[in-house]
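Beneath this line is the structure, given in structure tokens, with notes to follow.
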Amino acid sequence: MSFIVDFQPVGRRVEAQAGETLLQAAQRGGVGLAAICGGAGTCGRCLVQVMFGQVSPPDENERRRIEAAQLARGFRLACSARIQSDLRINVPPASLTTTQRTQIEGRELDIPFDPAVKTFAVQLEPASRVDLRADATRLCDALRALGLETPQIGLTAAQRLPVLLREQGWRVTAVLIGERVVEVLPPGNPPLGLAIDLGTTKVAGYLVDLSTGHTLAAMGMMNPQIAYGEDVMARLTYVAQNPAGAKTLQQVIVQGLDELACSLCKQAGQNPEDIVEAVIVGNTAMHHLLLGLPTKQLGEAPYVAALSDAVDLMSRDIGLRCAPDVYVHILPNIAGFVGADHVAMLLGTGIYKAQDVVLGLDIGTNTEVALKVGNRLLTCSTASGPAFEGAHIRAGMRAGPGAIERVWLDGERVLIQVIDGVPPVGLCGSGILDVVGQLRKIGLLNELGGMLPEHPRVRIGESGPEFVLVRGDESGNGHEIVFTRGDVSEIQLAKGAMRAGVEVLLQEAGIGVADLDRIVIAGAFGSYIDVKNALRVGMFPALPLERFEQVGNAAGVGARMALISKTQRALASEIARRAEYVELTNDPRFTAAFTEMMMLP
């Protein structure tokens, strides 16, 4: 007997036989489930959630590896659960191989469709010797007949209208913002919207049909500004030390956004000329560099933004050429180091309106932290640095082909999962965190991060003890892949800063870790990590696994929500006004907590 297994959010439907495991069905259907142990049931990485349908009861191994609260919510190991009916399966991002995921994924909230853009399909009377009205006048008269009181036409629409009318038999779709015609399109062409999450390291873009709210294409790219500095402070320093630095950084990111917009349209089979509106979010420094705002004051105490309110402008104002006549809305910032991307994350997760006590972490090169308790919404930013992206790690690399993304240690055995299944050449962020967590689990790291010698793979290298993950003859480039004591220190610094920020917000609110009902983990890296290993490292407060939620690129979700809803834009401004920003730079509580939180639990 055969059944259909629907794997979401991958969007893959697979025909499977009764009695097959979910892992077997996923592998046959091209769904890249993580299975570092090869399906033996020993690594626990193929965790999925059964949303609908019937599978075999949990076996003893699953009951040992999955917490009771998760089992009750339908979580199972794909290698153990056997198919007994048609199924709908939710695959958490952390259970997917990197080839199946990008920084663009994110859980969406269901909101009413309320775009700023309105469309009107109109059939005009052709011009004649007895009707010599201008084409633009003819269109505005037709719109008045539909109930608009004072329609006006923008220059771009007026330029495109004459040719389009005569090509399309005097039928066009008028696209309006308010009562201004911003574009005219061929009949049946939807107006397009662009949502951009402008991250320090990565940029995520979404092409949206503004007649329905549906996302037509999604794509990610590296922020080209990386060539001028890996983190925010490095780029601000570059600008301060180079007279043309600000202009250079603005030009490279605008060029990158141009390429991203055109690539999204190509992916969706759409015309860039049909993009009529965009929403952009980013941290305060990315915001200022994009808009050409002064940044010197961002890099000096008290770290004040030049502009925090929401901004509306035309894309040509910042030099975009792919779609130069697009209306651009940029969400508001909160403070010098907490920007519109954090506002978008709060919007996209709904944390701002939570009734329970929620900690939100948007993990990246800078990690923004939010704490919602009662009527208070506290925020701060910590410089977690680029270590989670593979920087400053000896064998570190970006998440790409050949990067080790999963590591599991079982005695003397080292099991790894590599992106694209090719021979390994380095470690990406999730693999780096796995190594530290696994070394701590088997007792090879002490609380200070010191590496103990009681393992055949530990040796003394040039800079002290190091753990050999992959021997030279097993790698893709003939070089050993090792993890050093210095690498451990980089992770301690990154996670120590993050946890210290959390502790300061808890102290500010007068509550403790035990008072937290939920921890929401957002961001590309945060979505793909193994929470168990993160807890072993001390990256998060020690709470039961069922209190953690990994939600993907919530900032990208918030940007799309603002793109398709005027109400959500107003909410974003309200969130920015409500948020209480806590500056950590000179806070003695942060210094004290940072020293303590660098320790491994």
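Size descriptors for the range 506-601 (Cα atoms only): Rg and Dmax, in that order, 16.3, 46 Å.
Averaged over residues, the count of other Cβ atoms within 10 Å places the peptides 353-365, 519-531, 470-482, 247-259 in the sequence 519-531, 353-365, 247-259, 470-482, highest first. Accessible surface of Y303, taken over heavy atoms with a 1.4 Å probe and every protein chain present, rounds to 40 Å².
Straight-distance candidates among the lysines for linking to K353, with alpha-carbon spacing under 21 Å and chain neighbours fewer than 8 residues away dropped: K372, K566. Among the chymotrypsin sites (Phe, Trp or Tyr not before Pro) found in the range 304-359, not one is both in a DSSP coil and sparsely packed, with 14 or fewer other Cβ atoms within 10 Å of its Cβ. Once the Cα-Cα distance is subtracted from the 0.36 nm per residue extended length, the D515 to S85 segment shows a gain of 150.8 nm. Extending 7 Å from Cα along the Cβ direction at L448 and again at E480 yields two label points whose distance is 2.4 nm. Antiparallel beta bridges, as assigned by DSSP with both residues in the chain, represent about 70 percent of the total such bridges. With θ taken as phi - 60° and the Karplus curve 6.51 cos²θ - 1.76 cosθ + 1.60 applied, the whole-hertz 3J(HN,Hα) list for the range 356-366 is 9, 8, 10, 9, x, 10, 9, 8, x, 4, 10 Hz, x standing for glycine and proline.
Between E167 and D59, what length comes free when the chain is fully extended (0.36 nm per residue of separation minus the Cα-Cα distance, one decimal in nm)?
32.3 nm
Computed on the chain, with alpha-carbon pairs under 8 angstrom and 6+ residues apart, the relative contact order is 14 percent. Among the helices of the chain, those built from whole DSSP H runs whose Cα atoms reach 27 Å or more along their own axis and whose mean Kyte-Doolittle hydropathy is at least -0.5 are 245-268, 485-509. Phi-derived couplings, Karplus 6.51 cos²θ - 1.76 cosθ + 1.60 at θ = phi - 60°, listed residue by residue for the range 511-516: 10, x, 4, 5, 7, 6 Hz, with x used for Gly and Pro.
Surface exposure of the chain, expressed per residue as accessible area with a 1.4 Å probe, stands at 39 Å². Near the amide H of A127, within less than 5 Å, lie no amide hydrogens of residues on another chain or at least 5 residues away, with H placed in the peptide plane. Computed over all pairs of different Cα atoms, the Kirkwood value for the hydrodynamic radius of the chain is 25.8 Å. Residues whose amide H comes within less than 5 Å of that of L210, counting only those at least five positions distant or on another chain, are L192, G193 (H built at 1.01 Å from N in the peptide plane). Using a probe of 1.4 Å on the protein chains alone, the accessible area found for D114 is around 40 Å². Computed on protein heavy atoms with a 1.4 Å probe, the accessible areas place S56, S463 in the order S463, S56, largest first. Return the distance in nm (one decimal) between the two label points of a simple spin-label model at I111 and A306, each offset 7 Å from Cα along Cα→Cβ. The two pseudo-label positions are separated by 2.8 nm.
Rounded to the nearest 0.05, the FRET efficiency derived from the C-beta distance between S2 and R457 at R0 = 45 Å is 0.50.
When the Cα atoms of the range 156-227 are aligned to their principal axes, the ranges along those axes come out at 48, 25, 24 Å in descending order. The convex hull built on the alpha-carbon positions of the range 1-80 has an orientation-averaged projected area of 5.0 nm². Annotation: for a label point projected 7 angstrom from Cα along Cα→Cβ of Q297, no residues of the range 559-599 have a backbone N closer than 14 Å.
Take the Cα pairs of the range 399-503, get the Kirkwood Rh, then feed it into Stokes-Einstein at 37 °C and 0.692 mPa s and tell me D in µm²/s.
232
With Cα atoms as the point set, the range 191-341 shows a radius of gyration and Dmax of 15.0, 48 Å.
Counting only heavy atoms of the protein chains and using a 1.4 Å probe, F594 has close to 50 Å² of accessible surface. Please list, in chain and number order, the residues 5+ apart from L427 or on another chain whose amide H is under 5 Å from its amide H, with Hs placed from the backbone. When sequence neighbours closer than 5 places are left aside, the close amide H contacts are G396, M397, I404. Full extension of the segment from R28 to Q251, taken as 0.36 nm per residue of separation minus the current Cα-Cα distance, would add 75.8 nm. What separates the Cα centres of the range 528-601 and the range 202-251 is a distance of 21 Å. For the range 301-316, the Karplus equation 6.51 cos²θ - 1.76 cosθ + 1.60, evaluated at θ = phi - 60°, returns couplings of 4, x, 6, 9, 6, 6, 8, 10, 5, 4, 10, 10, 8, 9, 4, 5 Hz by residue, with Gly and Pro reported as x.
Listed by chain and number, the lysines placed with their C-alpha closer than 25 angstrom to that of K441 are K495, K532; residues fewer than eight positions away on the same chain are left out.
Across the range 230-355, C-alpha contacts under 8 Å between residues 6 or more apart give a mean separation that, scaled by the residue count, equals a relative contact order of 27 percent.
Using a probe radius of 1.4 angstrom, the carbon and sulfur fraction of the accessible surface of the chain is 51%.
The values are calculated or read from the model by the stated rules, or taken from the named source; none is laboratory data. Remember, it's a predicted structure, so these values are computed and weren't measured experimentally. Note that we place each Cβ from the backbone using ideal geometry, even for glycine, and neighbour counts take in every protein chain shown. Side chains are part of the model used for accessible areas, which takes the heavy atoms of the whole protein and leaves out ligands, DNA and RNA. Shrake-Rupley method; radii C 1.70, N 1.55, O 1.52, S 1.80 Å.
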